[in-house]
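The next block holds one structure in the form of structure tokens; read it before the comments.
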């Protein structure tokens, strides 16, 4: 038993080091490449992922088929293939920040501008659409101190690199398994808190997500969403913003992709107080519209629809309709 455990730990350490070695090669290649070279690298990575990740490919096909049942088969196949390339592009583009920034324009209405100008706190919720890492960098570049709730990679070497890289981009990362107190403290300092909130809730800001979930219609399915960030907004009485950064043009004259940041105000932080479920419905409906406008840029390969949340009166879940201000 002891020998087997020791062997397993040694194998895990070796695997993690091999993964980190491969990651370092990718990091170096992405940063040394020209804009067009980085685009070619992303296409190679996306095509390789398409060939190797068979289960993810099947998951993406099933998700796209459910979301677009009336679309012809060839169009659904295009969306799935493009989503793998989009994910590879997201990784390569993020690795090139902040030294090789792309062109970014903020669409109207720009709901973040008055928040930053008046130095108000806010919670910003995006999805895995376009480039979510670039969206965080773009917010920080405008002058807002952004605390980003993330799910760190399992590999400790990669996790350490990502933590340092996000800080270099002006973003303060927080493990989603950690306490909510640093986030509340940041909001009290009139800073920003954000996350990509569209994936299946596991753990979030110190609370087991199964204790805080609601079901809403999303991409033609009843979908479970965590309410932790919305509960935090109600507790701190701060606005909730929806925001994504999507690619809006191909490479041109050797430059990086152009991005458009789209945003919408979900709640202004003022009475009357909405319920968590109401905010989830409004935010997810907005995100679905953005996904349908740019389906090839969404992360379809994630196993999003594992199960729905139990009903509100089940002992398995507690859905709060209102959260009173924190006593801290």
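The values are calculated or read from the model by the stated rules, or taken from the named source; none is laboratory data. As the structure is a computational prediction, the values presented were derived from the model and not from experiment. Here the Cβ positions follow ideal geometry from the backbone for every residue, glycine too, while neighbour counts run over all protein chains shown.
Things to note:
- Tally of residues being within 21 Å of the chain's Cα centre (by Cα), at pLDDT below 95 and part of a strand (DSSP E or B) across the range 248-273: 2
- Scanning the range 215-236 turns up no residue that is in contact with a strand residue (DSSP E or B) (Cβ under 6 Å, 6 or more places away or on another chain), at pLDDT 95 or above, outside any helix (DSSP H, G or I) and surrounded by fewer than 23 Cβ atoms within 10 Å (Cβ to Cβ).
- Among the residues of the range 14-36, none qualifies, meaning not one is over 26 Å from residue 155 (Cβ atoms), touching a helix residue (DSSP H, G or I) at 6+ places or on another chain (Cβ under 8 Å) and either surrounded by fewer than 13 Cβ atoms within 10 Å (Cβ to Cβ) or at pLDDT 95 or above (or both).
- Residue 44 vs. criteria surrounded by 11 or more Cβ atoms within 10 Å (Cβ to Cβ) and over 22 Å from residue 221 (Cβ atoms): yes
- Given (1) out of contact with any helix residue (DSSP H, G or I) (no Cβ under 9 Å at 6 or more places or on another chain); (2) touching a residue at least 60 places away in the same chain (Cβ under 8 Å); (3) closer than 19 Å to residue 227 by Cβ, index of the condition residue 187 fails: (1)
- Criterion (touching a residue at least 24 places away in the same chain (Cβ under 8 Å) and either over 22 Å from the mean Cα position of the chain (by Cα) or at negative phi (or both)) met by exactly one of 40, 24, 16, 54: 16
- When the residues of the range 62-92 are filtered to those that are in contact (Cβ under 8 Å) with a residue 40 or more places away in the chain and over 30 Å from residue 24 (Cα atoms), the one that is surrounded by the fewest Cβ atoms within 10 Å (Cβ to Cβ) is 69.
- Checked against (1) at pLDDT 95 or above; (2) out of contact with any strand residue (DSSP E or B) (no Cβ under 9 Å at 6 or more places or on another chain), residue 90 passes all but a single condition, namely (2).
- Qualifying position, being outside any loop (DSSP other than H, G, I, E, B) and out of contact with any helix residue (DSSP H, G or I) (no Cβ under 7 Å at 6 or more places or on another chain), among 105, 81: 105
- Number of residues in the range 124-141 that are assigned to a helix (DSSP H, G or I) and more than 8 Å from the chain's Cα centre (by Cα): the value is 8.
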